[in-house]
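All remarks here apply to the structure that follows.
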Amino acid sequence: MEKEATKVDIDGNIDTSAFENQTLKQRIMALSLSNATAREWFAKTRDGIRPWGEFINTGRFQTPKSVAPMPKRIIKNIEHFQSNYLFVFIGLVVFCILTSPMLLIAIAACLGACYIISLKNRDNKLKIMGRELSLAQQYGAVGLCSFPLFWLAGAGSAVFWVIGASFFVIMLHASFYTPGDEGEPFDLEMEPV
């Protein structure tokens with residue numbers, strides 16, 4: 001038996017013509033929805049949203065009688081309202097961005113630069129000192145150049161504020177919301193003999 005030699009092309013040239021002719025929206029949709037795991041996670045998260053009336057039902061908020069049932073209550077509520085808590089997190093991110101004008105300007109400048117790069121690359125490629133820069137390299141340069149702008153806008157403190165505020169709000173809700181299957185434990189009273 002003789003093994004047949006197969007020729008493998010390893011010159012490093014990748015055909016990107018199909019990708020370059022797409023619009024930015026088509027690229028984002030192709031990247032986000034082409035992965036089966038991402039589609040499955042998105043569908044699961046969308047299906048897991050509980051009714052908001054149930055989520056904010058003030059009649060279900062009670063202080064626990066003791067600390068012992070708190071961990072089980074928190075875990076149960078986080079599992080039950082996981083998708084709702086994701087929307088609380090997204091809402092806090094949007095609130096933080098909208099209430100910080102410098103951060104809003106920094107994000108708009110970065111996204112605007114990326115949009116301009118995508119428009120310019122349709123016509124011709126950017127060349128610096130005779131070397132052609134790929135689209136990913138140009139986006140990387142925009143990210144690198146926008147880093148000081150994000151630092152001046154306070155993006156680091158905004159990220160930590162969003163994480164802290166999300167943790168506080170979610171833990172507060174999960175701690176005081178009484179799940180439907182959790183009845184308050186009855187207290188045994190011992191009578192002296």
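None of the figures in this text is laboratory data; all of them are computed from the coordinates on show. Just so you know, these numbers come straight off a predicted model, no measurement behind them. Don't worry about glycine lacking a Cβ; one is built from the backbone with ideal geometry, like all the others, and counts go over all protein chains shown.
At 10 °C and 1.306 mPa s, what whole-number value in µm²/s does Stokes-Einstein give for the translational diffusion of the stretch 102-153, with Rh from the Kirkwood sum over Cα pairs? In µm²/s, the coefficient rounds to 136. Packing here is the average count of other Cβ atoms within 10 Å per residue, and on that basis the peptides 130-139, 101-110, highest first, run 101-110, 130-139. Less than 5 angstrom separates the built amide H of residue 61 from those of 178, all sequence-distant by 5 or more or on a different chain.
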